[in-house]
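Inspection log for the structure reproduced underneath, given as structure tokens.
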Amino acid sequence: MKVCIIGAGVSGLACALTLEKYGLKPDIYEQFDHCGERTPFIICILQIMHRPVTDPLLDLSKNYGITLKPINPLTKIIRFSPNKISRTVGQLGYIFEMGPSPRSVTSQLYEMITTPVKFNTVADYKELAAHYDKIIVATGSPYIAKELGLWTDVFRGWVRGAVVSGKFDPCTWFVWFNKKYANNGYAYLGPFNSNTATIVLAAADVKEGELENHWKLFLETEKIVYREEDRFVIEHITGICRPREIGNMIFVGNSAGLMESVFGFGLYNSVVSGVLAAESLVNNKSYEENASFLNEKLHQCNLLRHKLDVFKNKDYDQLLELFNIPPLNKLIYHTNLDILKIYADFSEHISSKI
Ligand SMILES: Cc1cc2nc3c(=O)[nH]c(=O)nc-3n(C[C@H](O)[C@H](O)[C@H](O)COP(=O)(O)OP(=O)(O)OC[C@H]3O[C@@H](n4cnc5c(N)ncnc54)[C@H](O)[C@@H]3O)c2cc1C
């Protein structure tokens, strides 16, 4: 079987690695001269988003054969709304680096594969269709699915990010919610180490040209004065892609609508979808069916996203107040209750009564 993968990012490399395990060597096309993003930035896996899975990293290793090394555990989250602050401490997840560094997720995956990547090659799925039995679309963006009429947007915006220097706790994550600069989005700070961090503003419903003003307003409002060492701007779109398998094409990762719409978490689903696409090909099973269990969590996130979209700043204040009630904070973070599912069931129950 002749298989090609468009995109040597997280999902494409996870797919390539799994195909290799089954003895298949795909052709891997990557538009840039390296795997992964050009600018380094920090992301996290938050355990609460993956329940009932207790340890998402162990799950990836045990059930999908992909062992990733985080740069640090995530042990503290500090949230800010316009008038409130809340904190949670404990084993909350993992912090990862993205980008060109050897310890980034994409570099780790690239080190694991033996198939050479065809760098500096912008692949056109229409041209490749005639030459391959299967094409894995792992481009990290919705544009092929959009062109084929498979995509519906859920969250649209732009990300302005920066690498900053200062003093940081390497295991602490900061999140800000404020309509003034983020609209329905959010901002976060994630540390590389004790003297470098990424700050990201994901501003919803803004045009690229408006982003810099939102960024300045964010820094000014939150009195953030770190020195900017590097910067990046990325379009941020999450959405629903159906079907994810059409003709001889299989969509994985972000290009399959597998980045969730609340905070843009997509690492876990990108790895899982890459592995499942490869296994479906090798075992001649339906990828659509094999990956369908991911839909439930995405749907729960979409319901929460719709709720957040009508939040006002006072609602963020109230939400943070709830996190400040110790038994509630404990219930949410220190049990394995599937909070997203509970929220989704509750919200669907209420709307069915209206
Ligand atoms: C600022 C930011 C913060 C994030 N924070 C988090 C977080 O905290 N937690 C989390 O879980 N996730 C987070 N994510 C999302 C996560 O990084 C993505 O979900 C994941 O990397 C997506 O993997 P992918 O394989 O779909 O796409 P990517 O990793 O983006 O890979 C796509 C690859 O395809 C290549 N490509 C595209 N088109 C072509 C073409 N035509 N020909 C050849 N190559 C092509 C690209 O160059 C790229 O290398 C964040 C993302 C960003 C940008």
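Every number here is computed from the coordinates shown, using simple stated rules; none is lab data. Bear in mind that the values here come from a model prediction, so they are computed numbers and not experimental data. FYI the Cβ positions are ideal-geometry reconstructions off the backbone, even for glycines, and counts take in every protein chain you see.
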Seminar exercise, completed: Rounded to the nearest Å, the spacing of the alpha-carbon centers of the range 1-60 and the range 316-354 is 31 Å
Exercise. Among 224-232, 48-56, 251-259, 149-157, how do they line up from the highest to the lowest mean number of other beta-carbon atoms within 10 Å?
Worked result: 251-259, 149-157, 48-56, 224-232
Problem set entry | Model label zone, Asn63; criterion: amide N under 14 Å from point 7 Å along Cα-to-beta-carbon; scope the range 291-323 | 291-298
Exercise. Cross-link partners among lysines for Lys21, C-alpha distance below 22 Å, same-chain residues fewer than 8 apart left out?
Worked result: Lys2, Lys62, Lys69, Lys118, Lys134, Lys285
Problem set entry | For peptides 189-199, 63-73, sequence by mean Cβ density within 10 Å, most packed first | 189-199, 63-73
Seminar exercise, completed: If one compares the long axis through the Cα atoms of helix 313-323 with the longest principal axis of the Cα atoms of the chain, the angle in degrees, nearest 10, works out at 90 degrees
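Taking a temperature of 25 °C and a viscosity of 0.890 mPa s, what whole-number D in µm²/s does Stokes-Einstein yield for the range 82-122 with Rh from Kirkwood over alpha carbon pairs?
176 µm²/s
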Seminar exercise, completed: For the chain the translational diffusion coefficient, Stokes-Einstein from a Kirkwood Rh over Cα pairs at 20 °C and viscosity 1.002 mPa s, in µm²/s, is roughly 103 µm²/s
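Would you tally the net charge around Ile325, using a Cβ to Cβ cut-off of less than 15 Å, leaving Ile325 out, and scoring K and R as +1, D and E as -1? Walk me through the numbers before you get to the answer.
On the way: positive: Arg79, Lys84, Arg87, Lys330; negative: Asp317, Glu321.
Taking every other residue near Ile325 into account, the sum is +2.
Answer rounded, prolate or oblate for the range 36-98, using the Cα gyration tensor with square roots of eigenvalues a ≥ b ≥ c: rounded when a/c is under 1.5, else prolate when a/b is larger than b/c, else oblate.
Numbers: a/c = 2.62, a/b = 1.39, b/c = 1.88.
Judged from the Cα gyration tensor, the range 36-98 comes out oblate (a/c at least 1.5, b/c at or above a/b).
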Seminar exercise, completed: Per the rule of 0.36 nm per residue minus the C-alpha distance, extending Ile85 to Asp230 adds in nm 49.4 nm
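Going by how many other beta carbons lie within 10 Å of each one, how would you line up Glu245, Glu30, fewest first? Working shown, then result.
Numbers: Glu245 18, Glu30 24.
So the residues, fewest neighbours to most, are Glu245, Glu30.
If you put +1 on each Lys and Arg Cβ and -1 on each Asp and Glu Cβ, how big is the dipole of the chain around its Cα centre, in Debye rounded to 20?
Details: 37 positive and 38 negative charges, 161 e Å.
That gives a dipole near 780 debye.
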Exercise. If we sort 35-41, 270-276 on the protection proxy, mean other Cβ atoms within 10 Å, highest first, what's the order?
Worked result: 270-276, 35-41
For this session: Please list, in chain and number order, the residues 5+ apart from Ile5 or on another chain whose amide H is under 5 Å from its amide H, with Hs placed from the backbone.
Result: Asp27, Ile28, Tyr29, Ile136
Exercise. From the Cα gyration tensor of the range 129-172, with a ≥ b ≥ c the square roots of its eigenvalues, which class applies: rounded if a/c is under 1.5, or else prolate if a/b is larger than b/c, or else oblate?
Worked result: prolate
Exercise. Can you list the lysines whose alpha carbon is less than 20 Å from that of Lys207, not counting same-chain residues fewer than 8 positions off?
Worked result: Lys146, Lys179, Lys180, Lys216
Seminar exercise, completed: In nm, the gap between the two label points placed 7 Å beyond Cα toward Cβ at Glu348 and Ile332 is 2.2 nm
Seminar exercise, completed: Among Glu208, Glu260, Glu289, the residue with the largest mean-square fluctuation in a Gaussian network model of the chain built from Cα contacts under 10 Å is Glu289
Seminar exercise, completed: Karplus-derived 3J(HN,Hα) from phi for the range 337-347 (6.51 cos²θ - 1.76 cosθ + 1.60, θ = phi - 60°), whole Hz, x at Gly and Pro, runs 4, 7, 4, 4, 5, 4, 4, 5, 4, 5, 5
Seminar exercise, completed: Note: Lys285 to Ile246 extended length (0.36 nm per residue) minus current alpha-carbon separation gives 12.6 nm
For this session: Starting from the alpha-carbon convex hull of the range 1-124, give the projected area averaged over all orientations, in nm².
Result: 9.9 nm²
For this session: Would you please classify the overall shape of the range 155-231 from the alpha carbon gyration tensor, given that a ≥ b ≥ c denote the square roots of the eigenvalues, rounded means a/c under 1.5, and beyond that prolate means a/b larger than b/c while oblate covers the rest?
Result: prolate
Seminar exercise, completed: Here, Asn295 and Lys126, labelled 7 Å along Cα→Cβ, have an inter-label distance in nm of 2.9 nm
Seminar exercise, completed: Listed residues Arg160, Arg87, Arg244; largest mean-square fluctuation, Gaussian network over the chain with Cα springs below 10 Å, found at Arg87
Problem set entry | Helix axis angle, 267-283 relative to the chain longest principal axis, alpha carbon, degrees | 20 degrees
For this session: Do me a favour and compute the ellipsoid semi-axes for the range 214-354 from its Cα gyration tensor, root of five times each eigenvalue, largest one first, whole Å.
Result: 32, 24, 15
